[in-house]
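This report concerns only the one structure given below.
Just so you know, all these numbers are worked out from the coordinates, no wet-lab data involved. Predicted, not measured: the structure shown is a model, and the values here were computed from it. We place every Cβ from the backbone using ideal geometry, glycine too, and count neighbours over all the protein chains shown.
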Amino acid sequence: MKKMQNRDEHGCKVQPATEATQQALRPPISLDREIDAMLVSDAYLFRGKDRNALEVLAFRVLGELLRMNPLGSNEASFMSQISRLVPGKTDIEYQAIYQRALDEWTEAYGY
């Protein structure tokens with residue numbers, strides 16, 4: 001019997017995983033590696049900006065998360081990554097960092 005596309009072994013229809021689902025299932029260590037690899041590159045880095053400045057780091061992390069998951073919510077992943085990279089802040093400070101990065105990203109790229 002020929003197996004039908006987009007059906008499981010019981011014949012039930014299944015949907016392919018969305019990019020958001022794939023990111024949600026991505027192990028945290030894998031996400032850490034992807035963010036770390038991006039940070040050593042020049043991705044999302046504008047001329048004359050200090051790559052070690054907090055606002056630049058936050059902008060770049062958000063940019064990479066948006067690249068990996070353009071349609072989903074990236075706030076939880078951002079908070080996880082920024083607290084890993086810049087430890088010792090309060091939740092309110094991390095929230096403010098996220099909001100500023102999101103505002104700058106929206107201003108620069110319109111979304």
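Structural remarks
- Extension gain (nm, one decimal) between ALA37 and LEU71, 0.36 nm per residue minus Cα-Cα: 10.0 nm
- Anisotropy class of region 19-109 from Cα gyration tensor, a/c 1.5 cut: rounded
- Cβ-based net charge around ALA101, under 10 Å, with every Lys or Arg adding one and every Asp or Glu removing one: -1
- Over all other residues within a Cβ to Cβ distance under 12 Å of ASP36, the charged ones net out to 0, with Lys and Arg as +1 and Asp and Glu as -1.
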